[in-house]
1. Within a Cβ distance under 15 Å of Trp61, other residues only, what is the Lys/Arg minus Asp/Glu net charge?
2. Place a label point 7 angstrom from the Cα of Trp61 along the Cα-to-Cβ direction, then list the residues of the range 21-43 whose backbone nitrogen is under 16 Å away.
Amino acid sequence: MGTAHQLSTMKFPDVAPTICGFAILIGLGTQVTLHQLDQATAQQCASHDWPKQAHEVHMAWCAAYGYKTN
């Protein structure tokens, strides 16, 4: 009875604010990462920064997703 009774009477700190804080940080971090990835993709499409043998595939991909290719 000692261990079960001790667990049931322990005071746990309120973790909801901590969990919400982590969720907000993860959400913001994800948005920043996606924005940076989008900017890098736009730069790559504009500068044609890929191997010559893959040029047609990359041009088609950039056009399909609305990135300018000059």
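1. Numbers: positive: Lys68; negative: Asp38, Asp49, Glu56.
Once positives and negatives cancel, what remains is -2.
2. Only 37-43 fall inside the zone, counting backbone N under 16 Å.
Read the figures in this text as sums done on the coordinates, not as results from a lab. Owing to the predicted nature of the structure, the values given are computational and were not obtained by experimental measurement. When we count neighbours, we look across all protein chains shown, and the Cβ atoms used for this are built from the backbone with ideal geometry, even at glycine.
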